[in-house]
Each structure stands twice: as C-alpha cells, then as structure tokens.
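Here's the structure, in structure tokens; my notes come after.
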Amino acid sequence: MITVDANARFSPGRIALLTRNLAASELPMAVITLGIVVGLNLVTLILGGEAPINNGMSPGGGSAPLWGVGVTLVGLYYASRAFKGMHGRYSTEWLLLPATSAEKYLAALVWLFVIWPIGSAAAASAASTLLWGIQSLKGDVAGLPWHPFQRSYLEALLSYWTIAPALIAGSAVFRKNALVKTAGVASAAAVALVLVSAPFMARLFKEPGVAGNLSFMNGRWIAEGNPRFEAAANRTQLLTDIWRYAILPCFALAYAYFRVAEKEAADEVQ
Amino acid sequence: MITMEAVTFGYGKRPLFEGLSLTFKPGGCYGLLGLNGAGKTSLLKLAAGALLPASGSVDAFGRTPGRREAAHLADLCFVPEDPAPPAMTAAQWVDRVAVFRPRFDRLRFNALMREFELPAERKVSAWSYGQRKKFALAGALASGARMLFLDEPTNGLDIPSKGQFRRALSAMQDPDRVIVLSTHQVRDLESLIDPVMVIHQGKAVFEAGAEELAARLSTARVPELSGRPVVAARRDAVGYSALLAEPGQALDLELVFEAAVQAPARLSAAMAGEAMGELKPEEALV
C-alpha cells in the first residue's frame, strides 16, 4: 500500500497515487478498444482464415505495423487529455487535490511516457501473439507476432515523443477538443514559421533567392527551375532534428508545466 | 488563522476586491453573507488557493495558499456549491482521492454515508444532485482538515439532511479549526453561524459574533416604527419586521444582513451602543 507524507514538499508516493488514478480512469477505454479489435480479428480469423491486424508479418522478424500505429495514436489521444481535469466547472477540486502542481504534472508524464508505452506495447504483443497462435493452430501463418523491438515501432515512439508534448501543452491550454485545436494551432504555427524564417534560412545556407527556397522540416521546397521538394543538406537536417526532437518537445513540456502551476479555478462569481 | 491583507482581485478588468483585509480565526464557524456577485465563492477560493490575488497577501496557518503546497491542501477542504460527480463508487473514491489526506477518518465517513442514506454500491456520478452534495459534505466532515470552506452547503439538501448536516458540522467545531460557510440560506444555518461576516462592494463591511449580536440586537414584529430603537425594518402586510438595538428573544440574521448592506451607519451605531435617531417609514428596507 502506498502511503503519503502530507508534510513532504515532494512525494514520489503521491506521484505514484496520481499515476495510478490516471491509469484507472483512462485504461477502461483502451481495454475496451483492444477487446473490440481482438474480437473482430478473431471473427475474421475464424471465418476468413486470417487476422487483418497481424497483416504485414514478415518471416525476417515480424512487423504487423498496425499494432504500433494503434498504440501510438491512442497514446496521443491520451496526451491530449492529460490535464483535462484542471479545466471547467470542476477545476477547483482538481486544483485543491492535496498534491503539488509539479506532482500532478509529473504523474501525467509518467503515465504518458512510461506506463502507457510499456503497458500498451505489452498488451499489443500479447494480443498479437494470441491471434498468431490461433492462426498457427490452423496451420496458416507466416512470420512472427508483433513485438515492440523493431525499427518501425521505435520510429513511431520517436514521433510520439515529438508530438505528445505538443498535445500535453494543448491539454493544459484548451478546455475542450484539445486534440483538434492543438493540431490546428501547430499547423498554423509551422506555416507561419516557414514563411517568417524562409529569408533567414536562405541567407544562412547561402542559397540563391529569398522567397524561392523554403526550408521546412527535413527538406526544402525549391521553387526555381523545376519546382520540387528536396531532402535537406546534413547541416539543415541536423538543425531541424535538434529543433524537432529536443527544443520543441522540451519547450512544449516546460510551457505545459507553467500552465499547470499557474492555473486558477474557472472564472465564477457568486 | 487565515489572514487576508489588502487583497486585490478581479475577473478581467472588473475588480471584485480592492484592498480587502479580513481574518478568519480558529474556533469560528463563519457565516459569509453577501448579495449575488459579491464575491463569496471567490473569497473562499482565494483563501483556499484556487484563485490567486493580483496584489496583497493571503496567509493560512503560516502558509501562502497560492503556492498550493501539499501540506496546505491536505489541511483544507473546499466543497463547491455543485460538487464534481466522480465516476466511481464511494469506496473507490476513498481509495483514490481521500488517500491523499492522511487524517481522513474512514469510520466517520462510512458513518456519515449511512446517516445520509447514500447508495454506496452505485457510482457517485449516477446520484442525484442532493446525494452528491451530501457525499461531498461527508468527505469534508471526515477529512480531518483544519480549514473547511463550504459554499452554499445546504443547497440541494432535503429537510432531514439539513438537520443531519447541522449536527455533523456542530461535532466538527474545534478551537483549532476554521469553518467558513458561504450561504444565502441563513435560516438553515443560523444556529451554527458564529461569527457572521458580510461582504459588500469588495469589502468586509460587517463582522460580529453571536454573543455580541445577542447582546446588542434582536428582531421583533412591530406595528409602527416610532417609540422603539429600530435599526432597520422591512414592511409587511400588518406592520414591520424590525431589527431592534436592544437584546431580546429572537434574532433574524437575514435582517442583520440587510441592515449591513442597506443601513450600515445605523447598524454600526447600534453595535457601538450609540444613538441612531428614529427610523422613518420611507427608510424601511427594500
């Protein structure tokens, strides 16, 4: 049993309890979704001889990439709900729950970056193995069941690391529909950033033209001659990778923390 | 002790409090009265730390509520007028939420659940508003917190529950505990309220303990205003309900509140034992 010391300024016990509460409130949806996916695939396996979710398995080591995509997308959905409790008419109860803002924030990170990736990958592996086992009994199987130790999933995790912080920040800002609103704001910000930075990027990398070449993510749009999108040079790629995998996620997480720490109860006058 | 010094707070550009100073002393069961929009709920949230003052300071037993330290939060319990409906049973709530309060008294909570006749086996979110309110109050009364902030606690309670709540709250009163009740239902709670505090136009305009009030004021029905030391009066069908500057058998806190808002100078004079002059019929409360 986890106990808490009310006088401790920072308590791992409270973080553990908050994480457990987050998991308890969020997991039912994931379990039901997993049950439906497995159930539907069992039906198609029995009727049609294969489980579509396991498609893509290769004899060389297994793939079935849909599992990895699924757990990543569900994780992003959860990231967009990380701080939903601190908004709206019941925000006062969330704010006054006896744990510090830092503990509430860290509990969300532990849930989203430790518990969910590990737990969901384990559950997806188990489900994939179950379907694979049944398919094997029918003598109609190729490759291995899905497992998380493969390149495609690790790449998906890397994308998760870059996108989830933005959604966490969005959940600390937006009261409703944080997923859609964060996606909209991030897209608008990316376009604005490209338009504003294009002249400087062109000058920095000594490319001809100012508005003609737009550097964006890991590539550039070349407007001159035959308009095309080209992979960026190493120098550009290095900078964009630092920006994408380090600066932006860390900035988003720091921003989310300050939003949580400085949050006040919903406006209400009585 | 909770102290507010020169607190300024508002929503947007509209100031609610400007230079508000007040003290909630331990042992008191404060009845916080005010008109709609006077800022009673905001005041409770400032004292709890859910809202942050634009300027000035708030101190609660040596801590700054706005920092929301866990020790401070475990030492207070705020029950809003419309409590959150957790999608879990009461037993799950104890395991997941009350567990953050080391002084939470499970036995007392279970006893209050039985006394309030709450359906423990169903999720709280499926209960009626009144049942949710009783559940939140049971949680607060079992919390062991030194600071209890209850916003309109009797709204939504049926008549037997109001009596049960009064008894339970009375048992909570303690020389080390501060209880603040924000309410429009003064008559539901007037046997518990001591002292009464009136908030009006961003200030604490009146505060007096039950003993002081009983020694200075009373209420009575009078056919006319002349010949009695009337502080304030409300006209009715056959005469006046009057607040008198003399001790008596009964005291209606609603009249005291109305006098604090509409006739503050006369009420101050009455509390100080000074002459007020005769109240004219056109000066009756509206």
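Observations on the structure shown:
- Test: residue in segment A:90-109 that is more than 14 Å from chain B (Cβ to nearest Cβ) and either without any contact (Cβ under 8 Å) to a residue 60 or more places away in the chain or hydrophobic (A, V, I, L, M, F, W, C) (or both): yes
- Elements of type helices (runs of 4 or more DSSP H) in segment B:1-104, at least 1 residues being farther than 27 Å from A:Ala24 by Cα and in contact with a helix residue (DSSP H, G or I) (Cβ under 8 Å, 6 or more places away or on another chain): B:40-48
- Selection from segment B:269-286 of residues that are part of a helix (DSSP H, G or I) and modelled with pLDDT under 85: B:Pro281, B:Glu282, B:Glu283
- Across segment A:1-60, the qualifying residues are those that are among the hydroxyl-bearing types (Ser, Thr, Tyr) and away from every other protein chain (no Cβ under 14 Å), and the one among them that is farthest from A:Gln135 (Cα to Cα) is A:Thr33.
- The listed residues are B:Glu278, B:Glu224, and the only one of them that is surrounded by fewer than 16 Cβ atoms within 10 Å (Cβ to Cβ), touching a Ser or Thr at 6+ places or on another chain (Cβ under 8 Å) and over 26 Å from B:Thr183 (Cα atoms) turns out to be B:Glu278.
Results for (1) part of a helix (DSSP H, G or I); (2) assigned by TED's automatic domain parsing to the domain that holds B:Glu246; (3) on the phi > 0 side of the Ramachandran plot; (4) modelled with pLDDT of 90 or more, shown as yes or no for each residue.
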{"position": "B:Leu118", "(1), (2), (3), (4)": "no, no, no, yes"}
{"position": "B:Arg122", "(1), (2), (3), (4)": "no, no, no, yes"}
{"position": "B:Ala138", "(1), (2), (3), (4)": "yes, no, no, yes"}
{"position": "B:Leu150", "(1), (2), (3), (4)": "no, no, no, yes"}
{"position": "B:Thr154", "(1), (2), (3), (4)": "no, no, no, yes"}
{"position": "B:Ala168", "(1), (2), (3), (4)": "yes, no, no, no"}
{"position": "B:Arg187", "(1), (2), (3), (4)": "yes, no, no, no"}
{"position": "B:Met197", "(1), (2), (3), (4)": "no, no, no, yes"}
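- Residue check for B:Leu267: of a type outside the set (S, T, N, Q), closer than 22 Å to B:Val178 by Cβ and touching a helix residue (DSSP H, G or I) at 6+ places or on another chain (Cβ under 9 Å): no
- Here A:Phe149 passes the criteria (1) away from chain B (no Cβ under 14 Å); (2) touching a residue at least 12 places away in the same chain (Cβ under 8 Å); (3) hydrophobic (A, V, I, L, M, F, W, C) except the one numbered (2).
- Qualifying residue in segment B:255-267 (condition: at pLDDT below 90 and charged (D, E, K, R)): no
- Filter result for A:Ala192 (assigned to a helix (DSSP H, G or I) and surrounded by 22 or more Cβ atoms within 10 Å (Cβ to Cβ)): no
- Extreme residue, farthest from B:Ala71 (Cα to Cα), among residues of segment B:21-46 that are at the interface with chain A (Cβ under 7 Å from one of its Cβ atoms) and of a type in the set (D, E, K, R): B:Lys40
- Among the residues making up segment B:47-60, those that are over 13 Å from B:Tyr11 (Cα atoms) and facing another protein chain (nearest Cβ under 10 Å) are B:Ala48, B:Gly49, B:Ala50.
- For segment B:99-110, a residue qualifies if it is facing chain A (nearest Cβ under 9 Å) and either under 18 Å from A:Ala265 (Cα atoms) or buried (at least 19 other Cβ atoms within 10 Å of the Cβ) (or both), and the qualifying residues are B:Val99, B:Phe100, B:Arg101.
- Options B:Ser161, B:Ser143, B:Ser191, B:Ser170: the member that is under 30 Å from B:Pro53 (Cα atoms), within 21 Å of the chain's Cα centre (by Cα) and polar (S, T, N, Q): B:Ser143
- Any hit, segment B:78-98, residues being facing chain A (nearest Cβ under 8 Å), buried (at least 22 other Cβ atoms within 10 Å of the Cβ), modelled with pLDDT under 95 and under 23 Å from B:Phe165 (Cα atoms): yes
- Applying the criterion of being buried (at least 16 other Cβ atoms within 10 Å of the Cβ) and among the charged types (D, E, K, R) to the residues of segment B:139-161, the residue that is farthest from B:Phe104 (Cα to Cα) is B:Glu152.
- Taking the listed residues A:Leu131, A:Leu144, A:Leu112, the one that is buried (at least 19 other Cβ atoms within 10 Å of the Cβ), out of contact with any His (no Cβ under 9 Å at 6 or more places or on another chain) and modelled with pLDDT under 85 is A:Leu144, with no other qualifying.
- Residue list for segment B:3-23, filter: closer than 12 Å to B:Ala38 by Cα and of a type in the set (Gly, Ala, Ser): B:Gly10
The values are calculated or read from the model by the stated rules, or taken from the named source; none is laboratory data. Nothing here was measured: the structure is a model prediction, and the numbers come from that model. A quick note on method: Cβ atoms are made from the backbone with ideal geometry, for glycine too, and the neighbour counts reach across all protein chains shown.
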